[in-house]
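Colleague: The structure under discussion is supplied below as C-alpha cells; questions concerning it will follow.
The values are calculated or read from the model by the stated rules, or taken from the named source; none is laboratory data. It should be emphasised that the depicted structure is a prediction, and the values quoted were computed from it without experimental measurement. Virtual Cβ from ideal backbone geometry, glycine too; neighbours counted across all protein chains shown. Side chains are part of the model used for accessible areas, which takes the heavy atoms of the whole protein and leaves out ligands, DNA and RNA. Shrake-Rupley method; radii C 1.70, N 1.55, O 1.52, S 1.80 Å.
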Amino acid sequence: MIWYLNMKKVACLIGLILLCSGAVSAYEIKCSCPDEVYRGDIVTIGGTSTLPPGYSTWIQLYEVQPMSRELTSQAIVIQQDGNWSIQLQTLALEEGTYKFEIVEDIMDYPLSSGSDRTKIFKVIDRSGEITIVSPSTQESRDTLSIRGRAPEVGSAGLQIEVADSRGTVIYGPLYIRTDASGYFSENVPISGPGQYYAKFSDFRNNEARFITRVSFTLEDPGTSAGFTPAPTAHAPGQTVSASATATRDAPAYFIVDALPGRVEVSTSTGTDWRIYHTDETGSLVRIDDTGSTAPEEFTVSSSGAFLYLKVEPVRAGDEGVVTVTVENAKSITSGPAAASYFGDVIPDSEPTESPFPLVVLISALCIVGYAGIRK
C-alpha cells in the first residue's frame with residue numbers, strides 16, 4: 001500500500017510538470033500549399049498564423065515517394081499581419097509525393113490542434129510534353145528563335161513567357177499558335193546577347209498550367225560578320241576540373257569561380273548524369289540531354305560571378321565519380337557548401353532538436369529521485 005501511495009505521488013508530480021509545461025497558450029499556423037505542383041515551376045508556399053510578428057521557425061521538405069528522405073529546410077518568418085511565405089524551387093525534385101513539416105517550439109510556442117503542421121503534395125513532371133528544336137545557343141543581337149513541338153497540346157495553343165538573366169519578363173505571357181501536330185515557332189525580340197529563359201504553359205481546366213522552363217544563350221554574331229578578332233592569350237587555369245563521388249542520396253556539389261564571357265561546362269561519361277546549375281538570378285536550370293556514353297554539356301554567359309553546380313545520377317541506384325570540366329574559369333571546388341543554393345540540406349548538418357521532451361524528462365527524473373531519497 002505504501003508503495004502504491006508513493007507511486008501515486010510520483011505520478012501526480014510528473015502530471016503537474018506536464019500541466020505546467022502546457023500552460024503556455026497554443027498558437028495557430030495555417031499553410032496554403034497546392035495539392036499538385038509542376039516540376040520546374042517556382043511555387044509560393046504561404047499561410048497565416050497567430051504567432052507573434054518576427055517569430056521564425058523552419059519548414060522542412062521531405063520526399064515521401066518514390067524514396068523516403070529529408071531534402072531541405074527553409075526559414076519562415078511571421079510578418080506584422082500574421083502572414084508568411086517561402087518560394088519553392090521544384091526543378092531539382094523528381095516526380096513523386098512530398099511533404100512539408102513545420103518545426104514546432106513545443107516549450108515556448110506550442111501549436112494548436114487545428115494548425116497545419118504537415119502538408120502532402122505531389123510533383124508532376126510535364127517537361128517531356130515539349131520538344132525544343134531551336135538551338136539552345138544562338139547568334140543574334142535582337143531575336144531569340146523558339147521552335148518546337150507539343151503533341152499533347154495539338155492546336156490548342158501555348159502560353160509563352162520569356163525572362164532575361166535578371167528575371168525580368170521581357171515577353172509575354174502571350175499565347176502563340178500551334179498546329180494540329182503541336183508544332184510552334186516564335187521569334188522573340190530581345191535587347192542583346194545574354195541568357196534568356198522561356199516558360200511554357202497550356203490552358204486546361206480553366207487555368208494556365210505550367211509545362212516546363214527552357215534556357216537559351218544568345219551570343220553576339222560579330223565574330224562571324226566578316227572579321228576575325230585578334231587571338232586572346234589564355235590565362236593560367238582557364239580550363240579547370242574537379243571530381244567527386246555522387247549518388248542520388250548524396251549528390252556532388254561544385255563551386256566555379258567563373259571568368260567573364262562564355263563559360264562551358266561538361267561532365268565525364270560512364271554514368272548517366274544529370275547536372276543542375278544556378279543562373280545569376282539564383283534560379284535553377286537542369287541539364288539532362290544525354291545518356292552514359294556522352295557528357296552532359298551546357299554554356300552560359302557569365303559576368304564573372306560564381307557558378308554553382310549539382311550533379312547526380314539519373315538512376316536512383318547508380319553511384320560513381322563524376323568529373324566536371326569548366327572552360328573559362330579561375331577555379332572549381334567540390335564540396336557540400338553549394339548544397340544550400342539548390343534548396344538541399346548541407347551534408348553533415350546538425351539535426352534540429354526540440355528541447356521540450358528532454359527538459360520534461362530530466363525534471364521528472366529529478367523529482368522522482370528526490371522523492372525516493374526523502375522516503
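Colleague: If you check every pair at least six apart or on different chains, which have Cβ atoms under 8 Å apart with a residue in region 237-259 that is at positive phi first and a residue that is modelled with pLDDT under 90 second?
Modeller: Listed by first residue and then by second, the contacts come to Gly237/Ala329; Gly237/Lys330; Gly237/Ser331.
Colleague: So Tyr308 clears everything in (1) open to solvent by 10 Å² or more (accessible area, probe 1.4 Å); (2) modelled with pLDDT of 85 or more; (3) more than 19 Å from Arg166 (Cβ to Cβ) except one condition, right? Which one?
Modeller: (3)
Colleague: Is it true that Ala338 is among the small types (Gly, Ala, Ser) and either more than 30 Å from Met67 (Cα to Cα) or part of a helix (DSSP H, G or I) (or both)?
Modeller: Yes: the conditions hold for Ala338.
Colleague: Something else: Among the residues of region 272-282, how many are over 19 Å from Asp257 (Cβ atoms) and surrounded by 20 or more Cβ atoms within 10 Å (Cβ to Cβ)?
Modeller: Residues that pass the stated criteria total 2.
Colleague: Continuing with the same structure: Any residue at all in region 327-334 that is open to solvent by less than 50 Å² (accessible area, probe 1.4 Å), at positive phi and either hydroxyl-bearing (Ser, Thr, Tyr) or touching a strand residue (DSSP E or B) at 6+ places or on another chain (Cβ under 6 Å) (or both)?
Modeller: yes
Colleague: Taking the options Thr50, Thr72, Thr90, name whichever one is modelled with pLDDT of 90 or more and not aromatic (Phe, Trp, Tyr).
Modeller: Sole residue among the options that is modelled with pLDDT of 90 or more and not aromatic (Phe, Trp, Tyr): Thr50.
Colleague: Since Asp318 meets every condition but one in (1) within 16 Å of Ser73 (Cα to Cα); (2) modelled with pLDDT of 80 or more; (3) among the acidic types (Asp, Glu), which condition does it not meet?
Modeller: Result: Asp318 passes all but (1).
Colleague: Just to be sure before I move on: is Arg141 in contact (Cβ under 8 Å) with a residue 60 or more places away in the chain and within 27 Å of Thr44 (Cα to Cα) in the structure I sent?
Modeller: no
Colleague: Does Arg177 satisfy the criteria of being of a type in the set (Lys, Arg), closer than 27 Å to Ser302 by Cβ and surrounded by fewer than 18 Cβ atoms within 10 Å (Cβ to Cβ)?
Modeller: So Arg177 fails the test.
Colleague: Please return the ranges of strands (runs of 3 or more DSSP E) entirely within region 73-170 where 1 or more residues are open to solvent by 70 Å² or more (accessible area, probe 1.4 Å) and in contact with a helix residue (DSSP H, G or I) (Cβ under 9 Å, 6 or more places away or on another chain).
Modeller: 137-139
Colleague: So, one more: Name, by its number, the condition in (1) touching a Leu at 6+ places or on another chain (Cβ under 8 Å); (2) under 18 Å from Gly40 (Cβ atoms) that does not hold for Val256.
Modeller: The number of the failed condition is (2).
Colleague: Looking only at region 237-269, which residues are among the basic types (Lys, Arg) and not in a strand (DSSP E or B)?
Modeller: Arg248
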